[in-house]
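Structure, as structure tokens:
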Amino acid sequence: MLTDRHHPVARRRLAALAVALLVSACAAAAPGGFDTTGHYTTKTPYAAPDAAHLTPPPPGFRPLMVQLVARHGSRPLSSPDDDDLSLQVWRRARAEGALTPLGEALGAVLEDMRAVHAEVGYGAISARGVREHAGLAARLLDRQRPLFAAAADAGRPIVVLHSGRERAGLSATAFTDALRQGLPALAPHIEPATAAPQTVYFHDAANTDAAAAYRRYEASDPRLLRMLDALKARPETQRMARRLLTALYADSFVDRLAEGAYRFQAAADPDDRIDDAVDAAASLYSLYAIAINLDDEGGWHFGRFIDPEAAAWFAMLDDAETFYERGPAFADDDVTWRAAEVLLDDFLTGIDAAATDPQAPAAVLRFTHAQALIPFAALLAIPGMHEGLPEDQPYDYSTSAWRSADVSPMAANVQWDVYTDDAGTVLVRMLHNERQVPFVDACVPTAGTTAFYTLAEIRHCYVRPAL
């Protein structure tokens with residue numbers, strides 16, 4: 001497409017939700033309790049811009065519509081796996097008398113994490129996730145209040161789409177509740193949220209050649225499998241796994257883990273397993289990364305159990321896996337992001353409708369997952385988010401500036417602000433995580449601006465001619 005390239009748990013949960021629902025929609029997206037600059041990769045909580053500088057449209061242009069796609073907000077684990085597996089390892093170590101003093105403390109935290117997950121719901125969103133989307137909505141309303149006020153007066157609808165998964169639907173609810181609170185006149189015009197996986201969860205749902213090609217790539221591409229196997233096999237990975245685990249477990253126990261003497265399977269899915277020390281360390285890293293999303297419900301300070309250097313290494317491994325499975329991946333291939341064309345087409349179609357029909361939706365709000373945001377950012381060639389690597393240059397933090405925490409933290413979003421004038425000219429400005437970004441280099445901004453592009457120019461830059 002590119003022309004260039006607790007205790008008790010229940011009481012604590014209810015208190016957290018009360019805070020989330022009563023908080024001002026303009027409240028900060030990320031409260032205190034954890035260092036949000038830690039090694040959390042795609043689990044990084046959303047950080048709103050302090051004061052985003054947005055270029056105003058040229059004289060004579062007025063807002064026409066908003067196109068938005070946003071990742072769901074902060075969440076617990078999506079399924080009972082790493083918490084179950086890590087607790088199994090801990091219980092085996094306890095049975096063998098192989099816990100260090102720090103390891104002794106870990107058990108109660110793991111038990112509590114499981115209790116919180118059972119109460120919040122695997123795959124739901126946390127109180128932080130509610131705040132993230134309420135804040136997104138409030139800031140959008142602040143930026144585009146004339147558009148939404150006019151839409152309310154004219155009866156133009158606000159379309160709300162999501163992937164069909166619970167956390168995306170809950171994020172849509174948090175977002176639209178904040179819109180209703182901020183502009184009550186808009187409430188009758190916000191349509192019920194609808195599942196649209198073909199558009200916003202395209203790799204798994206879309207019936208396209210590009211989606212089918214991606215599914216084959218993810219399952220069996222030899223380059224991908226070699227790359228991921230090589231990352232796990234690196235001596236540094238083995239060393240960092242041992243560094244992390246020996247703080248919690250006796251050396252002899254870690255030796256047996258490394259030798260494959262134990263096998264642990266998640267009760268919910270036997271395919272989720274710990275077969276060695278690297279797997280055990282990776283599961284603990286996963287809990288460390290998700291714990292920040294649950295700081296209202298938990299407050300475990302999980303970082304005390306994870307050596308910082310090991311956390312950085314496992315974050316790099318996690319970023320590498322995401323880079324190759326969802327991101328720009330290999331420089332000579334577009335298989336990971338080509339299927340995002342259906343989402344781009346949906347943006348463009350919505351703008352076409354608004355340009356010709358005064359009763360067309362004033363906003364289309366979509367709620368999805370990192371699996372969509374990351375390839376969409378690559379397709380759009382947002383700076384720093386689309387550069388693949390040659391096969392002989394494996395991803396790590398020294399070979400690439402790509403970081404999933406920048407591309408798709410929790411509640412990540414891409415927004416197009418659309419404007420028009422009396423002549424019917426349509427201009428578009430793009431925001432990524434509420435920060436102004438350019439379109440692909442091949443696109444030329446309209447004369448006299450650096451941030452606004454005509455719709456025709458955007459089509460020229462991104463849309464391939466029909467065969």
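The values are calculated or read from the model by the stated rules, or taken from the named source; none is laboratory data. All values derive from a computational prediction rather than experimental measurement. Please note: Cβ atoms are built from the backbone with ideal geometry, for glycine as well, and neighbour counts cover all protein chains shown. The protein model used for the area step is the full one, side chains on, heavy atoms only, and it has no ligands, DNA or RNA in it. Shrake-Rupley method; radii C 1.70, N 1.55, O 1.52, S 1.80 Å.
Quick look at the values:
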read-out	value
Hits in the range 297-316 - residues which are farther than 15 Å from GLY38 by Cβ and surrounded by fewer than 23 Cβ atoms within 10 Å (Cβ to Cβ)	GLY299
Matching option when the condition is modelled with pLDDT of 95 or more and among the small types (Gly, Ala, Ser), among ALA70, ALA25, ALA30	ALA70
Subset of the range 194-238 (residues that are farther than 26 Å from ALA280 by Cα, among the aliphatic types (A, V, I, L, M), surrounded by 16 or more Cβ atoms within 10 Å (Cβ to Cβ) and over 20 Å from the mean Cα position of the chain (by Cα))	ALA210, ALA213
Count of residues meeting criterion [open to solvent by less than 30 Å² (accessible area, probe 1.4 Å) and in a helix (DSSP H, G or I)] in the range 255-278	3
Per-region count, the range 112-165, residues open to solvent by 10 Å² or more (accessible area, probe 1.4 Å) and part of a strand (DSSP E or B)	3
Lone unmet requirement of (1) open to solvent by 70 Å² or more (accessible area, probe 1.4 Å); (2) over 30 Å from LEU365 (Cβ atoms) for ALA282	(1)
Residues that are assigned to a loop (DSSP other than H, G, I, E, B) and under 18 Å from HIS72 (Cβ atoms), drawn from the range 194-209	ALA196, TYR201
Hey, ARG94 charged (D, E, K, R), surrounded by fewer than 17 Cβ atoms within 10 Å (Cβ to Cβ) and either under 30 Å from TRP300 (Cα atoms) or touching a helix residue (DSSP H, G or I) at 6+ places or on another chain (Cβ under 7 Å) (or both) or not	yes
Count of the range 169-193 residues which are part of a helix (DSSP H, G or I) and charged (D, E, K, R)	2
Filter result (under 18 Å from PHE61 (Cα atoms) and of a type in the set (A, V, I, L, M)) within the range 432-456	ALA447, ALA451, LEU455, ALA456
Helices (runs of 4 or more DSSP H) (entirely within the range 349-467) containing at least 2 residues that are of a type outside the set (Asp, Glu) and open to solvent by 50 Å² or more (accessible area, probe 1.4 Å)	455-462
